[in-house]
1. Mind checking the log10 I(q)/I(0) for region 304-354 at q = 0.19, 0.24 Å⁻¹? Debye, one equal scatterer per Cα, no solvent, two decimals.
2. Taking a threshold of 29 Å on the Cα-Cα distance, which of the pairs Lys52/Lys465; Lys342/Lys373; Lys17/Lys251 fall above it?
3. State the percentage of accessible surface on region 226-318 attributable to carbon and sulfur atoms; use a 1.4 Å probe and exclude ligands, DNA and RNA.
4. Please calculate how many Å² of accessible area region 294-363 carries per residue, with a 1.4 Å probe and no DNA, RNA or ligand atoms counted.
5. Residue-wise, which Karplus ³J(HN,Hα) couplings in Hz belong to region 366-375, taking 6.51 cos²θ - 1.76 cosθ + 1.60, θ = phi - 60°, and x for glycine or proline?
6. Over region 336-484, what relative contact order in percent results from Cα pairs under 8 Å that are six or more residues apart?
7. Just to check, using Stokes-Einstein with a Kirkwood Rh over alpha carbon pairs, what's the diffusion coefficient of the chain at 10 °C and 1.306 mPa s in µm²/s?
8. What accessible area per residue comes out for region 215-257, rounded to a whole number of Å², with a 1.4 Å probe?
Amino acid sequence: MLSKMTIHQLHELLLKKEISPKEIVEDVFNRIENIEEKLRAYITLTKENALKQAEIAEKMIAKREMTPITGIPLAIKDNICTEGIRTTCASKILENFIPPYDATVIKLLKQAGAIILGKTNMDEFAMGSSTENSAMHITHNPWKLDCVPGGSSGGSAVAVAADECICALGSDTGGSIRQPASFCGVVGLKPSYGVVSRFGLVAFASSLDQIGPLSKDVTDAAILLSIIAGHDHFDSTSAPIDRQDYTSGLKEEIKGIRVGMPKEYFIEGMDKQVAETVKEAIEIMASLGAEIIDVSLPHTEYAVTAYYIIAPAEASSNLARYDGVRYGLREDAKELIDMYCKSRSSGFGDEVKRRIMLGTYALSAGYYEAYYKKASQVRTLIKQDFLEAFKICDTIVTPVSPTPAFKIGEKIDDPLKMYLSDIFTNPINLAGLPSISLPCGFSKDGLPIGMQLIGPYFSEKTLLKVAYNFEQAIGIYNRKPPLN
Ligand code: GLN
């Protein structure tokens, strides 16, 4: 089955002309037709478009203008703008929004000959850790259908894990690529802040948001990053870095690499199986020649609090644009102010409203100093913790989430519990660092467990190299969710 393969495996077959892009697209759509009803990873499917793009890819191959991703079908999180294809952010307020332009990442993918299969489900405006905040529907974890896939890029993670695409894009503001990747047993990479253009990504919290790949293995993450990373003058926060091949150096050995293990990430109250599995993974890295070093990140315990002030504050400002005038839903009313109120009241879901209220409060006169400013100061301390630690190690290894995937409904009525599941991912966004989440084992219930590798700014190549070596050593990558 072609849908089960990775980008690099399919690329080999395409090069040898043993298969065509159209065959891949058809095979993936067969898979989608068979299992999507159980999983509901997608909001919108674009088969006709995909077949047209397959023809373009075929022409590129015939002319030998092939890139490593030509003819490869991808799923795209529904907060990344796609020209002519509905982009909803899983919100009622954007239910019928059809962007007139492509996000930079989409433009780059199309230029490289990639194929877009459709748009994936997510927490509304990427706010959440379970994809249950979608205004569209719930998405199910392919390893256990009564569990959440994680969030907010839950649809993308499920599509990759269940072979409903070859690879996918997600966005990560506080863990939304890495946590669903770990819940679904796939690889997820959050690049350093500024490495991938956010032009055309619907903004949630602009000082934290990053687009990144979700993939079946580390090599695919490196291939995808090589296509989407690089400076973009349409994004003023884009870093001045050149395009590069992130696959080069993957196979170099990791002997002598210094791996930091922060005690603050192995805490009381976390799931024992997660702690043990990640510790075993660290031993495997040691057996590959890595040097394991104890490090400390003392301000970790304040990260969730700082994040849940900064992210809602920025969101309250970014979401002010949904006023019923320019985008999406508009309710009828006699007065302009009533139209604003009615449109926003019926267009936004509960979690989005909660964040707008929290954020507006944190930014209001008289409270700004106590909340937003304080949180920003804490953010600096968290960043300094990492910079200090990276003086004595090359990468830091931690769990991705304190538990494996939880049950659907388990945390949805308790926002604080839900927020706490971000404890190991929020600090990395606050610091703007790159990190990769990769499968390292399974719980006794058969749920995937992920580990996270964090690196200094722009150290994606090192992270990918360490991840690749680990992946080769453990060989659990052929295990697939129990789906028929
Ligand atoms: N779970 C976090 C939140 O709800 C992170 C979301 C994200 O990374 N987009 O804000």
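1. Evaluating at q = 0.19, 0.24 Å⁻¹ gives log10 I(q)/I(0) of -0.65, -0.88.
2. Checking Cα-Cα distances, Lys52/Lys465; Lys342/Lys373 exceed 29 Å.
3. Values: 2330 of 4700 Å².
Result for region 226-318: 50 percent of the exposed heavy-atom area is carbon or sulfur.
4. Value returned for region 294-363: 53 Å² of accessible area per residue.
5. x, 10, 3, 4, 6, 10, 4, 5, 4, 4
6. RCO, region 336-484: 20 percent.
7. Translational diffusion coefficient: 72 µm²/s.
8. Details: 2020 Å² over 43 residues.
Solvent-accessible surface per residue comes out at 47 Å².
The values are calculated or read from the model by the stated rules, or taken from the named source; none is laboratory data. For clarity, every value in this text was computed on a predicted model and none was experimentally measured. Neighbour counts run over all protein chains shown; Cβ positions are idealised from the backbone, glycine included. Each accessible area value is taken on the protein alone, full model and side chains, heavy atoms only, with ligands, DNA and RNA left out. Shrake-Rupley method; radii C 1.70, N 1.55, O 1.52, S 1.80 Å.
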